[in-house]
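Single-structure report; data block below.
Read-outs: derived from the displayed coordinates by stated rules, not from any lab. The structure presented is a predicted model; accordingly, all values stated were derived computationally and were not measured.
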Amino acid sequence: MSVLPDFDAFDRAILAILQKDNTTPQRVIGATVNLSAPAVQRRIKRME
């Protein structure tokens, strides 16, 4: 049985953007959700 990670508001916002267009650059996602591109990258990697 796997344990799902806890998603916060930032994670859900990032997922919503990627579900609409998975080619959106991380810097654009970051600007949209008020995070840096490296922070977005870390969150995406953690959700994989």
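Values for this structure:
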quantity	calculated
Relative contact order (%) - criterion: Cα under 8 Å, at least six apart; region: the chain	32 percent
Structure-based [θ]222 nm, the chain - -39500 (n - 2.57) summed over DSSP H runs of at least 4, per residue, nearest 500	-19000 deg cm²/dmol
